[in-house]
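Take a look at the structure below.
The values are calculated or read from the model by the stated rules, or taken from the named source; none is laboratory data. Not measured: the values here are computed from a predicted model. Positions of Cβ are backbone-derived with ideal geometry, glycine not excepted, and every protein chain shown enters the neighbour counts. Each accessible area value is taken on the protein alone, full model and side chains, heavy atoms only, with ligands, DNA and RNA left out. Shrake-Rupley method; radii C 1.70, N 1.55, O 1.52, S 1.80 Å.
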Amino acid sequence: GYAGVVRFRGVRIGGISGIFKSHDYRKGHFECPPYNQQTIRSAYHVRNIEVFKLKQLKRPIDIFMSHDWPRSIYHYGNKKQLLKMKSFFRQEVESNTLGSPAASELLQHLKPTYWFSAHLHVKFAAFMQHETNSKEELPKATKFLALDKCLPHRDFLQQIIDVEHDPNAGDSLEYDAEWIAVLKATNSLVNVTQSSWNMPEKNGLHAKWDYSVTEEAIKEVLEELNHDLKIPCNFTLTAACYDPSKPQKNMEPVHTINPQTTEFCAQFGLTDINDRIQQAKEEGSGRGECEEEEEEEMDSTGSAEEPSEYHTDNSGLSSFNPDEIMLDEEGADEDLSTCSVDPSPDHPPEFSTSFSDIRIMPDSMAVSSDDAMDSNNEELEKSSGSKQVEEKSSTERSLKRIGGDENGNSGVKKIKRRNQAIYAAENEDKTD
């Protein structure tokens with residue numbers, strides 16, 4: 001659920017982890033070990049402050065990474081192939097609710113050269129040409145790529161992509177001066193409570209809403225570091241390494257303050273969120289226990305949602321993480337060829353689309369526009385008949401995940417581990 005920006009050989013790399021859930025989006029980062037059934041999930045949910053900080057960036061981003069897909073990106077690739085592999089996405093794709101609206105907002109704002117995602121466990125590529133805000137602004141395009149799970153017979157590798165870089169730069173990760181300046185500027189916005197709140201915006205309610213930084217602020221960061229942006233190799237072991245010969249069962253997780261984070265925050269005068277969470281927990285332990293009980297009563301999948309600032313938020317539908325233990329699985333193991341650069345005509349494009357940049361894309365990230373048109377025609381023909389089937393499948397899947405019987409009675413859940421065949425085969429090998 002956190003965000004960051006670093007540099008490597010002059011290449012600027014940004015990212016935001018976690019997945020979007022509207023009922024946690026406007027909360028602070030309050031989770032820490034030991035987790036309960038709610039916080040063990042909400043800990044990896046994206047927060048609005050991380051999106052807000054990234055939106056303060058003005059300098060170009062070369063590569064951006066997210067776990068969630070940006071919402072609407074599927075309209076700029078081969079939807080026919082995507083829905084062939086993941087048919088249960090159809091309802092959300094047709095209603096344009098698949099993926100993260102927060103990531104989509106960042107995609108439109110940052111306009112990175114490349115965007116890489118995961119989460120939906122399918123290989124998919126797309127090409128988005130962004131609109132320009134003025135005639136003087138040069139048009140920008142983003143090449144999107146998501147890969148499948150790293151398992152046998154799955155499409156989880158992509159050919160090497162050459163990225164323009166500084167050949168004279170060192171081979172160490174470096175701090176990004178603008179990002180550090182943004183962290184310093186937004187430090188007062190840190191929130192470690194479960195209370196929902198909105199980021200400052202130009203609506204007459206906030207004295208300050210623009211937290212982007214000046215060149216002078218960036219220069220001050222460089223001077224603080226003596227123009228040495230190299231990230232120190234100061235990893236410190238804070239937990240014992242796993243030793244299979246000494247199994248430790250039922251150990252209570254301990255909240256550990258990370259010394260690297262402590263050093264980083266001290267260097268730049270930032271609030272150490274881990275330390276602040278621990279302080280808040282110690283100061284309000286009685287109140288925290290009451291809140292924890294309320295959290296446990298809340299459905300961990302988000303049935304008690306807070307109102308979201310994004311419309312049509314169906315974040316609790318099929319865009320779940322299939323790596324979590326589920327009660328059912330969709331056996332989709334076919335290969336997926338990737339992207340058309342043409343947004344689908346059945347969905348009005350948010351950006352003008354150009355084919356001028358397609359020649360610089362890797363071959364595996366492009367297919368012909370004819371394929372995309374065939375995709376759209378076939379979808380129109382099948383949509384009326386398949387929609388009812390998909391809705392029925394979605395309903396059945398929801399019932400299976402709830403774990404009740406056909407009469408609505410709650411029964412014992414039968415947990416089925418994903419990729420069960422692989423693990424079973426491995427066990428057989430060990431037995432032999």
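Here are the numbers:
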item	result
Residue match in the range 111-125 (condition: open to solvent by 50 Å² or more (accessible area, probe 1.4 Å) and at pLDDT 95 or above)	yes
Flag if Phe144 is without any contact (Cβ under 8 Å) to a residue 60 or more places away in the chain, within 20 Å of Ser17 (Cα to Cα) and not β-branched (Val, Ile, Thr)	no
Residues within the range 84-98 that are in contact (Cβ under 8 Å) with a residue 60 or more places away in the chain and open to solvent by less than 10 Å² (accessible area, probe 1.4 Å), tallied	5
Selection count where residues are open to solvent by 70 Å² or more (accessible area, probe 1.4 Å) and in contact (Cβ under 8 Å) with a residue 24 or more places away in the chain, scope the range 151-160	3
Residues satisfying the stated conditions in the range 54-67, i.e. under 14 Å from Ala103 (Cβ atoms) and touching a strand residue (DSSP E or B) at 6+ places or on another chain (Cβ under 8 Å)	Leu54, Ile61, Phe64, Met65, Ser66, His67
Selected residue [over 30 Å from Cys233 (Cα atoms), open to solvent by 40 Å² or more (accessible area, probe 1.4 Å) and outside any helix (DSSP H, G or I)] from Glu105, Glu137	Glu137
Selection status of Phe20, in contact with a strand residue (DSSP E or B) (Cβ under 6 Å, 6 or more places away or on another chain), closer than 19 Å to Trp197 by Cβ, open to solvent by less than 30 Å² (accessible area, probe 1.4 Å) and not β-branched (Val, Ile, Thr)	yes
Which listed residue, of Gly15, Gly1, is in a loop (DSSP other than H, G, I, E, B), under 18 Å from Ser117 (Cβ atoms) and in contact (Cβ under 8 Å) with a residue 40 or more places away in the chain	Gly1
Qualifying residues in the range 238-269 (those that are surrounded by 13 or more Cβ atoms within 10 Å (Cβ to Cβ) and either of a type in the set (Ser, Thr, Tyr) or touching a Phe, Trp or Tyr at 6+ places or on another chain (Cβ under 8 Å) (or both)) - the one farthest from Thr186 (Cα to Cα)	Gln260
Condition check for Asp148: charged (D, E, K, R), in a loop (DSSP other than H, G, I, E, B) and exposed (fewer than 14 other Cβ atoms within 10 Å of the Cβ)	no
Residues satisfying the stated conditions in the range 161-208, i.e. open to solvent by 70 Å² or more (accessible area, probe 1.4 Å) and either modelled with pLDDT of 95 or more or not in a loop (DSSP other than H, G, I, E, B) (or both)	Leu173, Lys184, Ser188
Within the range 28-94, helices (runs of 4 or more DSSP H) holding 1 or more residues that are more than 21 Å from Lys149 (Cα to Cα)	39-42, 48-54, 90-94
